[in-house]
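Below: the structure, in C-alpha cells.
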Amino acid sequence: MAYRMKAPGVPSDSILYYKPDAGGNVVFGLLYEAVALLLFANLVNHRDWWALCLPIGAALQGAGFFLRLPLANEPQSLPLYLPMDIFIVLAPACYFAFNYIWFGRLVQRLEQHVRLPRKRAHLTFLPPQKFGLIFIISDVTTFLVQAAGGGMQVKINLQSAGSTVFLIGIIAQFASYVFFLALAVPVVQFARRNDSVDGTQRVKLRALLLVLAFSSVWIIVRSVYRTIELAQGYNGSISTKESWFFGLDSAPLLLAIGVYIFYWPSSLVELQDAMQKRVRPPMRTVPWDMSHGQRYAWMAEKCELPLTNDPSPDELRTAFTQRA
C-alpha cells in the first residue's frame, strides 16, 4: 500500500494532501467566473459560437475552486471531490481546444486569400480543416485518460497506478500541444516573408501569433508543473502544498485565457466564415483580415454602389463578382 504523506493537520483519510485554503479558492473562483463572463461577452459580440469551449471551460474551472471550499470540511467526500477534480482537469482541455480551433480557422482563411509558397498545398503539414478534428480527438482522449487516473487515485489500492495513468495523460496532452505549436512555425515564417500580405495585415497576423505564443507559454508552464508533481509521487513536496497549485497551475491558466479578453482573435481577423470550403476567385481579392461589415463596405466602394441604398450581402457579392 502506498503511503500518502499529508500536510500537517490534514486527516489521514483526506483525499487531498492539504486542507484547501478558503481565501485562495474564493479569489481564483471569482477570477475564473469573471473571465468566463468577459470571454462569453466577446464571443456573443463577434457571434463566434465555435468558441463556446473557452468560456465554458473557465466557468467549470471556477466552479471547481468553489467545490474545494466544502471539501475542506469534508476531506473524504467523493461526491465533492470527483466533480471538483473533473472540472479542474477538464478546463485546460477546453483551453487547448480553443487554440486549436481558432488557429485552424486563421490558417484556412489565409489559404483562401493569399498566395501560398511554391509547391505547397497548405501552409501547415496538416490541412487546416482537420486541425479541430485531429487535435480535439487528442484532447478528449487525453482528458479521459486523466479523468480515469484521477478516479483511480481515490482508491487506496489503486493510488500508484492512478498516478501513473494520470501522468501518461498529462504527458500525452503536453506532447500533442507541442506538436500543434510545431505546425504553427511555417505560419510564423509566412507572416515574416510572404509579400502577398500587406503591412496592415502583417501587423494583425503577427499580433495573433504573439497572442498564441503568450497563451502557449503559460499552458506549457502548467503542463511542466503537473508532470513534475506527478513524477514526484505522493511523497513529493509539490503535492502537499496548495501554493504550488495556485502559482503553477491556476495562475498560468488564468493568464493563458485572460489574454483573449483583450485580444479576441476575431477582433483582429474575421474567422466566422473561415471554414467554408471554397472562395470564388473574384472574392479572393477582398482583404482577408476584414470583418463582414468592412468587407461589404469595401466591395460597395469598388462597385460604386451607394451604401445609403442598403444593398444586401448577396447583391454586393453579385455586383462585385460581375464587375471583377
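Read the figures in this text as sums done on the coordinates, not as results from a lab. Because the structure is predicted, anything quoted here is derived from the model rather than measured. As a convention, Cβ positions derive from the backbone with ideal geometry for all residues, glycine included, and neighbour counts pool all protein chains shown.
Are there any chymotrypsin sites (Phe, Trp or Tyr not before Pro) in the stretch 123-195 that are in a DSSP loop and have at most 12 other Cβ atoms within 10 Å? List them by number. Mind showing how you got there, number by number?
Working: sites: Phe125, Phe131, Phe135, Phe143, Phe166, Phe174, Tyr177, Phe179, Phe180, Phe190; in loops: Phe125.
Loop-located and lightly packed - Phe125.
Quick check for me: using +1 on Lys/Arg Cβ and -1 on Asp/Glu Cβ, what's the dipole size of the stretch 22-268 about its Cα centre, in debye to the nearest 20? Could you put the intermediate results ahead of the total?
Working: 18 positive and 11 negative charges, 228 e Å.
So the dipole magnitude of the stretch 22-268 works out to roughly 1100 debye.
Note on the stretch 43-197: dipole from Cβ charges, positive end direction compared against Gly132, Thr164, Met84; the farthest Cα belongs to Gly132.
Mean separation of Cα pairs under 8 Å and 6+ residues apart, divided by the residue count of the stretch 25-181: what relative contact order is that in percent? Mind showing how you got there, number by number?
Values: 172 pairs, mean separation 27.6, N = 157.
Once divided by the residue count of the stretch 25-181, the mean separation gives 18 percent.
For the stretch 139-151, putting each phi into the Karplus relation 6.51 cos²θ - 1.76 cosθ + 1.60 with θ = phi - 60° gives couplings of 4, 5, 4, 5, 5, 4, 5, 5, 4, 5, x, x, x Hz, in residue order, rounded to whole numbers and with x for Gly and Pro.
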